[in-house]
Amino acid sequence: MKKTLLIVMALLLTFLGACSSKETTSTAKSGDSKDKKVQKIIVGTGTQFPNICFLDKNGKLTGYDVELVRQIDEKLPEYEFEFKTMEFSNLLLSLETNKIDFVAHQMEVNDERKEKFLFNKEPYNVFPLQVTVHQDNNDIHSIKDLKGKKAIVSATSNSAVFLEKYNKENNAGIEIVYSGQGADDTKNQIKTGRADATITTPFAVDFLNKQADAQQKVVGEPLLNSKVYFLLRKDETPLQKRIDEALVELKKEGAVSELSKKWLGADYSVGF
């Protein structure tokens, strides 16, 4: 009798152990399944754009675009955003070759980009481009005064695209050179007189003057006041939609406006 009772108890314990094992396995799979729903997104940006995407004095990546992307990430639990920094000229190729999933670098719309890539639909900033010269330069007052002068811009930037188009369509005679090291190279060439001008934004000039004694000033009227967006691959429509939804929420909450005031000195998110 005792032997029979022991056998029954042993079978019962084995059964209960099996059930417990199944529950544990099921929970683990459930957890794994939940983890798999979080998709890692690689965000391409730079480190040489003052106030937009740059390294602060502690080496931390920050700026308007960077902090906006971080707030968008908080709105989208199904995604995990991770930054990958590189030279601006490498961003589009990295997007095209699937090394990154979208670009956060004040991307303005132009025909070449539209043909290859997908912009999100909700703009997050206005990008005023102006002629910029050394603070002691009193000969250049507008883009018309750049004839025979050397203007430095970053390759593939909208400043470069605009200047190349303007030069060709107006036979403007501007000598266009391309910076090798982003803002630092441009700043040094303007400061030392190796270049006469660049095309950039008032907030970039303000930052460089305060942080690096760039000795620059903007002149003339804005050449462009275009809206800026994030840039994605053509097949990233689900991500595009979710980014736009998050942006709409952040605008309603006033977060985009506050970031613009903090990093750019004014609310450049108005007007759309």
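What follows draws every value from the coordinates through simple rules; no lab data is involved. This is a predicted model, so every value here is computed, not measured. Note: ideal-geometry Cβ built from the backbone for every residue, glycine included; neighbour counts use all protein chains shown.
Report the gain in length on full extension from Glu175 to Asn138: 0.36 nm times residue separation, minus Cα-Cα distance, nm rounded to one decimal.
11.4 nm
Placing +1 at every Lys and Arg Cβ and -1 at every Asp and Glu Cβ, with all other atoms neutral, what dipole size does region 205-272 have around its Cα centre, in debye to the nearest 20?
Magnitude of the dipole: close to 80 debye.
Once the other residues with Cβ under 12 Å from the Cβ of Gly265 are scored (Lys, Arg +1; Asp, Glu -1), what is the net sum? Present the calculation step by step, with values, prior to reporting the outcome.
Working: positive: Lys210, Lys261, Lys262; negative: Asp206, Asp267.
Surrounding charge for Gly265 is +1.
What is region 179-235's relative contact order, in percent, from Cα pairs under 8 angstrom and six or more apart in sequence?
RCO, region 179-235: 24 percent.
If the only charges are +1 at each Lys and Arg Cβ and -1 at each Asp and Glu Cβ, what is the size of the charge dipole of region 82-193 around the Cα centre, to the nearest 20 debye?
That gives region 82-193 a dipole magnitude of about 160 debye.
Can you tell me the order of 203-213, 224-234 when each peptide is scored by its average per-residue count of other Cβ atoms within 10 angstrom, highest first?
224-234, 203-213
Classify region 186-272 from the C-alpha gyration tensor, please: rounded if a/c falls under 1.5, else prolate or oblate depending on whether a/b exceeds b/c.
prolate
Going by average Cβ density within 10 Å per residue, which order do the peptides 98-105, 236-243 take, highest to lowest?
Most protected by this proxy first, the peptides run 98-105, 236-243.
Report the normalised scattering of region 83-220 as log10 I(q)/I(0) at q = 0.09, 0.13, 0.17, 0.19 Å⁻¹, calculated by the Debye formula with identical scatterers on the alpha carbons.
-0.29, -0.59, -0.98, -1.17
Using a simple spin-label model with points 7 Å from Cα along the Cα→Cβ vector, what separation in nm is obtained for Glu258 and Glu112?
Computed distance between label sites Glu258 and Glu112 equals 3.9 nm.
Residues of region 204-239 with the amide nitrogen closer than 20 Å to a label point 7 Å from the Cα of Lys121, along Cα-to-Cβ, please.
227-239
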